[in-house]
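One structure is given below, encoded as structure tokens.
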Amino acid sequence: MTTSAAAARFIRFQGTERSPRGHFPGVFALANGLARQGLLSEAEHRFWRAANDWYDAAYPNPSETDPGVYDPEVNPGAVAWFKSTAGHLLDRVPGYLELLAAHGVGYERIESADPGRIVYEDEVQVVAVPRAD
């Protein structure tokens, strides 16, 4: 469910094509995929590594708090959303979007007041299982 920015409490950046598992990978998974495939230039790799390190230090990894949060049998299709109040995290996303655009990877920004059944929450993010349409 996409809503107006005024009503949105959650923001997600994701690919425009489904992964083999059937979901739309998030911005970090897409950038990590480019790095794993060795497609980044030296400068892009430095940006990606530094940005990932910053994010790793800036907020909790839901999988470390709850190892089953992304388990496809327990929480099918679970994906992470930023809370709209997490400005310090959202401010750094454009660098990832530039990286994706440079490699022709399609992405979109989705805003929602209801991302689905929330299975994890902290101060800056939720992980939610999308509601069946």
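Listed values, structure above:
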| quantity | calculated |
| --- | --- |
| Odd one out for Val74, checked against (1) among the aliphatic types (A, V, I, L, M); (2) more than 13 Å from the chain's Cα centre (by Cα); (3) farther than 18 Å from Val127 by Cα | (3) |
| Set Ala31, Ala50, Ala58, Ala43: member being of a type in the set (Gly, Ala, Ser), in contact with a Leu (Cβ under 8 Å, 6 or more places away or on another chain) and under 13 Å from Gly95 (Cα atoms) | Ala31 |
| Among the candidates Val124, Val119, residue that is in contact with a helix residue (DSSP H, G or I) (Cβ under 8 Å, 6 or more places away or on another chain), farther than 20 Å from Glu17 by Cα, of a type in the set (Val, Ile, Thr) and surrounded by 12 or more Cβ atoms within 10 Å (Cβ to Cβ) | Val124 |
| Answer from Ala113, Ala102 - the residue that is small (Gly, Ala, Ser), touching a residue at least 12 places away in the same chain (Cβ under 8 Å) and touching a Phe, Trp or Tyr at 6+ places or on another chain (Cβ under 8 Å) | Ala113 |
| Identity of the residue in segment 39-74, of a type in the set (S, T, N, Q) and touching a residue at least 24 places away in the same chain (Cβ under 8 Å), that ends up surrounded by the most Cβ atoms within 10 Å (Cβ to Cβ) | Asn52 |
| Near pairs, Cβ below 7 angstrom, 6+ apart or cross-chain, from segment 7-31 (over 21 Å from Arg117 (Cα atoms)) to any residue that is surrounded by fewer than 16 Cβ atoms within 10 Å (Cβ to Cβ) and of a type in the set (D, E, K, R) | Thr16/Glu108 |
| Boolean, Val105 is crowded, with 18+ Cβ neighbours inside 10 Å and farther than 15 Å from Asp122 by Cβ | yes |
| Qualifying residue in segment 80-96 (condition: under 21 Å from His23 (Cβ atoms), of a type outside the set (A, V, I, L, M), assigned to a loop (DSSP other than H, G, I, E, B) and in contact with a helix residue (DSSP H, G or I) (Cβ under 6 Å, 6 or more places away or on another chain)) | no |
| Of residues in segment 89-102 being closer than 16 Å to Asn52 by Cβ and more than 14 Å from the chain's Cα centre (by Cα), the one surrounded by the fewest Cβ atoms within 10 Å (Cβ to Cβ) | Glu98 |
| Residue within segment 30-52 that is of a type outside the set (Phe, Trp, Tyr) and in contact with a strand residue (DSSP E or B) (Cβ under 8 Å, 6 or more places away or on another chain) present | yes |
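Just so you know, all these numbers are worked out from the coordinates, no wet-lab data involved. On a predicted model such as this, the values are computed, not experimentally measured, just so you know. Glycine also receives a Cβ, built like all others from the backbone with ideal geometry; neighbour counts cover every protein chain displayed.
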